[in-house]
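So the structure is just underneath, and the comments pick up after that.
The values are calculated or read from the model by the stated rules, or taken from the named source; none is laboratory data. Predicted, not measured: the structure shown is a model, and the values here were computed from it. Every residue, glycine among them, receives a Cβ derived from its backbone with ideal geometry; neighbour counts consider all protein chains shown.
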Amino acid sequence: MSGFKNFLLRGNLIEVAVAFIMAAAFGTVVTTFVAWLTDQLPKGMEDTFTNDPNTFGAFMNALISFVILGAVVYFLIVVPYTKAKERFFPTEAAGPTEVELLTEIRDSLASRA
């Protein structure tokens, strides 16, 4: 069971799944935007700009769905995954920073003089 836990929490499985979900939703946003944009182009000499509310509505629907999906994925997948990863695999304590090391070297050199 610990091997499965390591597979889920240490690997990039969750990151890849989230990226796939968000990319598919963003693809829908781009597709509906292009449909709306091409609907705005003149279709001929006698035809002026069309203003079809259906394509704009589809674009707005896709955009709102993307934002809602992003919030759901973040709060229901990313946040719990991050907390579980921190709980089961805490990060190792980092060593001193460069500034701290340089301060120690300076103090050591100053004490010698």
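Out of 14, 21, which single residue is modelled with pLDDT under 90 and in a helix (DSSP H, G or I)? Even if it seems obvious, please write down each step before you answer.
On the way: 21 fails: modelled with pLDDT under 90.
Exactly one residue qualifies, and that residue is 14.
Evaluated against (1) loosely packed, with under 11 Cβ neighbours inside 10 Å; (2) aliphatic (A, V, I, L, M); (3) in contact with a helix residue (DSSP H, G or I) (Cβ under 6 Å, 6 or more places away or on another chain), residue 63 falls short on exactly one condition, (1).
Filtering region 1-39 to residues that are under 17 Å from residue 55 (Cβ atoms) and touching a residue at least 24 places away in the same chain (Cβ under 8 Å) leaves 28, 29, 31, 32, 33, 35. Please determine, by comparing only the residues of region 76-113 that are surrounded by 10 or more Cβ atoms within 10 Å (Cβ to Cβ) and part of a loop (DSSP other than H, G, I, E, B), which one is farthest from the chain's Cα centre (by Cα). Only one residue fits best here, namely 96.
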